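S.K.: Below is a structure I'd like to ask you about.
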Amino acid sequence: MPRANRRRPERGDDSLDRLLSGWKRTEDRRGVTWTVQPVSAAAAQKAYSCPGCGREVSPGTAHVVVWRADGVLGDAADLAARRHWHTNCWRIG
């Protein structure tokens, strides 16, 4: 039987949806609630500066993305202020 060719909906910028839908947890540190989402080595495609140690989080390195879960400006502002940490730097920080 021939396959029906269906159009797939065009995908826009889904970074907000991708971050909100991925596996994540919340952690409380020094009176602030943070959302912590792991990023696998396969999904890590860009270089970032780790706020914990100041060194680069290289592409292909598993790490965590962290943003405030209790910000007063809303989810979009909190996600815009997210930071990429080495997993160990976040644990000891």
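S.K.: Within the set of other residues whose C-beta is less than 12 Å from the C-beta of Asp70, count the net charge using Lys and Arg as +1 and Asp and Glu as -1.
M.R.: Details: positive: Arg29, Arg68; negative: Glu27, Asp28, Asp75, Asp78.
Around Asp70, the charge tally is -2.
S.K.: Over segment 24-92, calculate the relative contact order: mean separation of alpha carbon pairs under 8 Å at least 6 apart, over the residue count, as a percent.
M.R.: Here the relative contact order equals 30 percent.
S.K.: Averaging over every viewing direction, what projected area does the convex hull of the Cα atoms of segment 24-92 cover, in nm²?
M.R.: With the hull built on Cα positions only, its mean projection is 4.6 nm².
S.K.: Residue by residue through segment 61-77, what is 3J(HN,Hα) from phi via Karplus (6.51 cos²θ - 1.76 cosθ + 1.60, θ = phi - 60°)? Round to whole Hz and write x for glycine and proline.
M.R.: 9, 5, 7, 10, 10, 10, 8, 5, 9, 10, x, 7, 8, x, 4, 4, 5
S.K.: For segment 38-48, in order, what is each residue's ³J(HN,Hα) by Karplus, 6.51 cos²θ - 1.76 cosθ + 1.60 with θ = phi - 60°, in whole Hz (x at glycine and Pro)?
M.R.: x, 10, 6, 4, 5, 8, 7, 10, 10, 8, 9
S.K.: Now for a separate question. Give me the net charge of Ser49's neighbourhood, meaning all other residues with Cβ under 10 Å from the Cβ of Ser49; Lys, Arg count +1, Asp, Glu -1.
M.R.: Details: positive: Arg55, Arg83; negative: Glu56.
It works out to a net charge of +1.
S.K.: Would you pull out the residues with amide H under 5 Å of Val57's amide H, same chain only if 5 or more places away, H placed 1.01 Å from N?
M.R.: Tyr48, Ser49, Cys50
S.K.: Rank the residues Thr35, Thr61 as a footprinting-exposure proxy: fewest other Cβ atoms within 10 Å of their Cβ go first.
M.R.: With the fewest neighbours first, Thr35, Thr61 line up as Thr61, Thr35.
Laboratory data are not the source of any read-out in this text; all were calculated from the coordinates shown. Owing to the predicted nature of the structure, the values given are computational and were not obtained by experimental measurement. All Cβ positions, even for glycine, are placed from backbone atoms using ideal geometry, and neighbour counts span all protein chains on display.
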